[in-house]
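Report on one structure; see the data block that follows.
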Amino acid sequence: MKPIYRKYFTTVGLIWAGCFVLFLCVYILVLTPQEKSKKQIEKQLAEKKQVYNSVLKIAQEETKIRLNKQIESLRNKLEAFVIDFEDSANLTFDISQIAKEKNVSSFSIRTKNTRKDSAIPNSNYISENRFDISFTANFNQFATFLNALERHRPIVFVDKFTITRPITRPKQDNSGHEVNMSLAVFVRKRQDS
């Protein structure tokens with residue numbers, strides 16, 4: 001081999017060897033610690049993910065329990081305002097019993113059968129039953145009867161009422177006034193299975 005080529009190959013070989021040693025030092029001093037750090041961070045990330053997933057699962061269970069309690073509370077509140085369809089037949093009897101307990105006389109109750117009026121717009125679950133009642137009572141009897149209706153569960157809404165003095169009785173007679181009331185009650189619709 002010619003001395004120029006030998007010198008050239010030796011110089012190139014020494015440059016390659018120097019670069020290899022330099023890259024090896026950079027790898028050992030810079031990249032190896034980063035690789036260890038990367039593995040440590042990945043291990044910490046895996047631990048944090050595990051903690052996060054377990055906390056998320058617990059939070060979902062607690063949220064589920066809290067939402068179930070809230071649903072139960074709302075159902076209980078709904079029960080105060082809505083009667084089941086099957087129990088709606090007993091409502092006229094309940095109102096008659098209240099009237100009997102409050103000693104009102106000439107009590108009568110009629111159910112209004114207006115289907116188009118009983119439907120509540122945009123409601124697939126609740127309808128409205130209406131009743132007309134009439135009775136004769138003095139002011140105290142009327143007030144206690146009205147109070148008992150207001151305390152009834154499910155709530156009975158008094159839409160309107162009128163109180164009139166009978167024309168046939170003398171003005172000194174304190175036996176009572178004629179009362180006509182229009183009542184409304186929310187009823188849970190019968191659901192198809």
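Give me a comma-separated list of calculated 3J(HN,Hα) values for segment 83-99, in order, Karplus coefficients 6.51, -1.76, 1.60 applied at θ = phi - 60°, integers in Hz, x for any Gly or Pro.
Using θ = phi - 60°, the values come out as 10, 5, 4, 5, 8, 5, 5, 6, 5, 4, 5, 4, 5, 5, 5, 5, 4 Hz.
Please report how far the C-alpha centroid of segment 130-166 lies from that of segment 76-96, rounded to the nearest whole angstrom.
So the two Cα centres are separated by 17 Å.
Take the Cα pairs of segment 1-44, get the Kirkwood Rh, then feed it into Stokes-Einstein at 4 °C and 1.567 mPa s and tell me D in µm²/s.
Reported coefficient: 101 µm²/s.
Which of Ile133, Leu74, Ala184 sits closest to the plus end of the dipole of the chain, meaning its Cα is farthest towards the positive end, when Lys and Arg get +1 and Asp and Glu get -1 on the C-beta?
Result: Leu74, furthest along the dipole toward the positive end.
Taking the simple approach of a point 7 Å from Cα along Cα-to-Cβ for both Asp87 and Arg153, what is their distance in nm?
Going from the Asp87 label point to the Arg153 one covers 0.9 nm.
On a 0 to 90 degree scale, rounded to 10, what angle separates helix 3-26 from the longest Cα axis of the chain?
With rounding to tens, the tilt is 30 degrees.
Please give the length that would be gained between Glu47 and Asp94 if that part of the chain were fully extended, namely 0.36 nm times their separation in residues minus their C-alpha to C-alpha distance (nm, one decimal).
Values: separation 47, 0.36 × 47 = 16.92 nm, distance 6.35 nm.
Between Glu47 and Asp94, full extension yields an extra 10.6 nm.
Of the listed peptides 31-42, 125-136, what is their order by residue-averaged count of other C-beta atoms within 10 Å, with the highest listed first? Please report the intermediate quantities before stating the final value.
Values: 31-42: 10.3, 125-136: 17.2.
For the peptides 31-42, 125-136, the packing ranking is 125-136, 31-42.
Figure the gain on full extension for Asn180 and Val12 (residue separation times 0.36 nm, minus the Cα-Cα span) and round it to one decimal in nm. Present the calculation step by step, with values, prior to reporting the outcome.
Values: separation 168, 0.36 × 168 = 60.48 nm, distance 11.62 nm.
Fully extending the segment from Asn180 to Val12 adds 48.9 nm.
Let me see the P(r) profile for segment 1-121: every Cα-Cα distance counted, bins of 5 Å, each bin given as a percent of all pairs.
All Cα pairs considered, the percentages come to 2, 7, 6, 7, 6, 6, 5, 5, 5, 4, 4, 4, 4, 4, 3, 3, 3, 3, 3, 3, 3, 2, 2, 2, 1, 1, 0, 0.
Mind giving me the FRET efficiency for Glu62 and Val26? R0 is 45 Å, r the Cβ-Cβ distance, nearest 0.05 is fine.
Values: r = 52 Å, r/R0 = 1.15.
Computed FRET efficiency for Glu62 and Val26 comes out at 0.30.
Read the figures in this text as sums done on the coordinates, not as results from a lab. Since the structure is predicted, the reported quantities are computational estimates derived from the model, not experimental observations. Cβ atoms come from the backbone with ideal geometry, glycine included; neighbour counts cover every protein chain shown.
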